[in-house]
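These notes are about the structure you will find just below.
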Ligand SMILES: NC(=O)c1ccc[n+]([C@@H]2O[C@H](COP(=O)([O-])OP(=O)(O)OC[C@H]3O[C@@H](n4cnc5c(N)ncnc54)[C@H](OP(=O)(O)O)[C@@H]3O)[C@@H](O)[C@H]2O)c1
């Protein structure tokens, strides 16, 4: 179960939220919000209201009658919970789902939105030295990965993750669509026998140095080959994201491993970084984020953060798109007591109910 650390405070301040909306309804609404946000035909300039029927299906209602809606889009304010969001059962879990995922369901007509995730031990490792990564984090976090896949156009991994895990990368644990699977294998070291190059379960792209593609060659197993220009430190990530955008992939979820996530982070290409920390000590192994050394802590990355509990794990959701990241001194003044989080960090205003 995902628990937003805002819920305790909100319970005491808003009794109607105690009844809440059920988690399955909340997820259906979130999927619809994500689908609408992707749909270029949907005009962002008009309000929109959504509700769920008794069968769980989501349908639009007249935006003038927001009291009948569970979720409302307001052009200059984003998604808001409608009055009906208080009429179902199971409030805390649904509230946490809205808190975590609705901010990811905004339309973004500009460049690709790239969100990365790593599940790491408390001492910062994502796998053992031999590459065993099953399972660093627990079930709630794995379910979160499937939710992120369902909300994304593309799910991207580095070559070493495919070599170590032979993953499927499909959406199986929650309702929702599969994302297009994107593998970064610049040197084409992965055999086309790998599971996701053959299973036919979802569209798959293999992105490599374009010099590695022979004239006329189009596929690697069943995956489509995408040639990307190489630069001194690997593939040109701007060209890669452009190539994905040309295929309609604007919301990319990077699921690992550490080397791949770190390259996007260092290149300034991530809008969010999610790190799930598990109460597990590996001791040594494959590290998560690796960046060049920083001499002064004042120069370290200290982005605005939201915190969610996922079973025994804690997910830190860093907003890297913020115009003014927090400074070290702001951080010291902003002590976050247990089970609460600053309003600014949780984005509570964004999700507040319309009365
Ligand atoms: N706990 C978790 O959240 C999690 C998630 C995923 C994976 N894992 C584990 O992590 C391990 C793999 O992670 P890892 O950090 O070792 O490797 P990785 O990130 O999966 O793959 C790294 C490789 O991908 C290619 N690559 C990625 N970005 C590139 C770029 N911008 N330009 C060029 N090439 C790029 C390079 O291939 P070349 O070396 O061929 O150049 C690079 O060495 C596995 O053990 C896996 O089980 C854990």
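The values are calculated or read from the model by the stated rules, or taken from the named source; none is laboratory data. Computed from a predicted model, the values in this text were never measured in an experiment. With ideal geometry, Cβ positions are generated from the backbone for all residues, glycine too; neighbour counts draw on all protein chains shown.
In the stretch 285-309, the residue that is nearest to residue 321 (Cα to Cα) out of those that are more than 12 Å from the ligand (Cβ to nearest atom) and touching a helix residue (DSSP H, G or I) at 6+ places or on another chain (Cβ under 7 Å) is 304. Scoring residue 116 on the criteria (1) buried (at least 18 other Cβ atoms within 10 Å of the Cβ); (2) within 29 Å of residue 30 (Cα to Cα); (3) within 9 Å of the ligand (Cβ to nearest atom) leaves a single failure, condition (3). Selection within the stretch 134-160: residues that are assigned to a helix (DSSP H, G or I) and touching a helix residue (DSSP H, G or I) at 6+ places or on another chain (Cβ under 7 Å). The member of this set that is nearest to residue 104 (Cα to Cα) is 151. Can you tell me which residue within the stretch 206-222, out of those that are in a strand (DSSP E or B) and within 15 Å of the ligand (Cβ to nearest atom), is surrounded by the most Cβ atoms within 10 Å (Cβ to Cβ)? Result: 206. Kindly list, by first and then second residue, each pair from a residue in the stretch 217-240 that is within 26 Å of residue 200 (Cβ to Cβ) to a residue that is in a helix (DSSP H, G or I) and within 11 Å of the ligand (Cβ to nearest atom), limited to pairs with Cβ atoms under 7 Å and residues at least 6 apart or on different chains. Note: pairs meeting the criteria are 228/239; 228/240. The residues in the stretch 225-238 that are in contact with a strand residue (DSSP E or B) (Cβ under 6 Å, 6 or more places away or on another chain) and surrounded by fewer than 16 Cβ atoms within 10 Å (Cβ to Cβ) can be counted, and the count is 0.
When residues of the stretch 226-284 are filtered for being on the phi > 0 side of the Ramachandran plot and either near the ligand (Cβ under 8 Å from one of its atoms) or touching a helix residue (DSSP H, G or I) at 6+ places or on another chain (Cβ under 7 Å) (or both), how many remain? Residues meeting the conditions: 2. Each residue in the stretch 159-176 was checked for being in contact with a strand residue (DSSP E or B) (Cβ under 7 Å, 6 or more places away or on another chain) and away from the ligand (no atom under 15 Å from the Cβ), and 0 of them qualify.
Selection within the stretch 184-205: residues that are closer than 16 Å to residue 165 by Cβ and part of a strand (DSSP E or B). The member of this set that is farthest from the ligand (Cβ to nearest atom) is 204. Kindly indicate whether residue 272 is surrounded by 13 or more Cβ atoms within 10 Å (Cβ to Cβ), within 27 Å of residue 238 (Cβ to Cβ) and at pLDDT below 95. Against the criterion (surrounded by 13 or more Cβ atoms within 10 Å (Cβ to Cβ), within 27 Å of residue 238 (Cβ to Cβ) and at pLDDT below 95), residue 272 does not qualify. Sub-9 Å Cβ pairs linking a first residue in the stretch 163-188 that is within 20 Å of residue 35 (Cα to Cα) and not assigned by TED's automatic domain parsing to the domain that holds residue 220 to a second residue that is outside any loop (DSSP other than H, G, I, E, B) and more than 9 Å from the ligand (Cβ to nearest atom), at least 6 apart or interchain, number zero.
More than 11 Å from the ligand (Cβ to nearest atom) and within 17 Å of the chain's Cα centre (by Cα), is that true of residue 150? It would help to see each step written out before you state the result.
On the way: more than 11 Å from the ligand (Cβ to nearest atom): yes; within 17 Å of the chain's Cα centre (by Cα): yes.
Yes, satisfied.
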